[in-house]
Amino acid sequence: MPYLIRPALTALILSTLAQGAASACEAPPPVVRDIDANRYYSDKHNSIVDPVLKARNEAAVKPVNDYLDGVARSANAWQRGRKPADAQCALGWLQAWADGGGMLGAMTTNQSWYTRKWTLSGLALSYARVQAAATPAQRQAVEAWLRRLADLTIAHSDAHKGVRNNHYYWEGLAITATGAVTGEARYLAWGRKMFDHAMDQIQADGSLPLEVARAGKALSYHLYAAAPLVMVASILDLQHPQLDRLVRFSSANVADPSTLRRMTGFEQEKPPRMPGWIAIYDRHAAQPLSTEPPPANNWDARMGGDRSLPNPLEHVRGS
């Protein structure tokens, strides 16, 4: 007779599998220096995905995404279990790409730059989980590499001022996380500048005009834009009523997207629940929002892996 697995048991199984996957360390994958990604939206609102272009882009960035995921899984496994082999696996992969100049080559399109900044975000956040286990030589190599990636990200962002939407926020998370693990005050200041700019963009109702402009994906992009802002707020230990408004506006539209439907004139893609970054928000916010536990599988390598496992860079309320 079939039986139901309790949610807590499901979470334990997923966690065990993730740790098991990370425990057998494979050789680092070949270093990717150049990224040749492509845009995959077909309309002026950037809301309709062309499946052929999407598949082409996913194939192009798969080696980078797989590398990030591998680093994150080993780093998360070490934070949970403190097995030295897990830390050295993550650090070995990081140092291999640092020594090989990973992602320091040609970025052929804006989408390539986007991929690099998302990856930098995840790498810095994963490195934070294993930094305490790094040797001086590993720290020197990895942190110098992260700085080079951060400097390139800042230069590209500052040279292409224009639409400061979710992409700017993700750049800010990448730079803030790099600043936190390297101790570079200028990176932390750059992240704070981004955060202040984002707070100024949030309207009285909690909406972001540049994400409202995404038509049928307006809700999806409010949720996507909030994710890096929530993590930056925790890293920098910032409480801000505007961020609270954005999170609550997004949550209300997940429950009932009629407000964004009226604002955009388009039906919205409705997720089944709030994304897992809400766990980060709830750990730091003065007034947590969630009334339910985070999803059992709360994985996002761009945010350092398991978002239910507090990152060492976070400021957890009451700790």
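See the values below:
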{"quantity": "Flag if Ala134 is surrounded by 19 or more Cβ atoms within 10 Å (Cβ to Cβ) and modelled with pLDDT of 95 or more", "calculated": "yes"}
{"quantity": "Criterion (within 15 Å of Leu313 (Cα to Cα), basic (Lys, Arg) and modelled with pLDDT of 95 or more) met by exactly one of Arg147, Arg129", "calculated": "Arg129"}
{"quantity": "Hits in region 256-286 - residues which are assigned to a loop (DSSP other than H, G, I, E, B) and within 16 Å of Ala296 (Cβ to Cβ)", "calculated": "Pro271, Pro272, Arg273, Met274, Pro275, Gly276, Trp277"}
{"quantity": "Number of the condition not met by Ala204 [criteria: (1) closer than 23 Å to Val49 by Cα; (2) assigned to a loop (DSSP other than H, G, I, E, B)]", "calculated": "(1)"}
{"quantity": "Residue count, region 55-77 (criterion: more than 30 Å from Ala133 (Cα to Cα) and open to solvent by 60 Å² or more (accessible area, probe 1.4 Å))", "calculated": "3"}
{"quantity": "Helices (runs of 4 or more DSSP H) completely within region 7-115 that count 1 or more residues being of a type outside the set (Ser, Thr, Tyr) and at pLDDT below 95", "calculated": "7-23, 51-81"}
{"quantity": "Arg139 vs. criteria at positive phi and without any contact (Cβ under 8 Å) to a residue 24 or more places away in the chain", "calculated": "no"}
{"quantity": "Residue that is touching a helix residue (DSSP H, G or I) at 6+ places or on another chain (Cβ under 9 Å), among the aliphatic types (A, V, I, L, M) and over 21 Å from Met303 (Cβ atoms), where the choices are Val163, Val142, Val181", "calculated": "Val163"}
{"quantity": "Residue identified as open to solvent by less than 10 Å² (accessible area, probe 1.4 Å), in contact (Cβ under 8 Å) with a residue 24 or more places away in the chain and on the phi > 0 side of the Ramachandran plot among Ala215, Ala226, Ala233", "calculated": "Ala215"}
{"quantity": "Filtered residues of region 147-164 (kept if in contact with a Leu (Cβ under 7 Å, 6 or more places away or on another chain) and open to solvent by less than 20 Å² (accessible area, probe 1.4 Å))", "calculated": "Leu149, Ala150, Thr153"}
{"quantity": "Subset of region 250-274 [crowded, with 20+ Cβ neighbours inside 10 Å and within 25 Å of Asp196 (Cα to Cα)]", "calculated": "Ser250, Asn253, Leu260, Met274"}
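The values are calculated or read from the model by the stated rules, or taken from the named source; none is laboratory data. Just so it is clear, the model here is predicted, and its values are computed rather than measured. Here the Cβ is made from the backbone with ideal geometry for all residues, glycine too, and neighbour counts use every protein chain on show. Note: areas computed on protein heavy atoms with side chains; ligands, DNA, RNA excluded. Shrake-Rupley method; radii C 1.70, N 1.55, O 1.52, S 1.80 Å.
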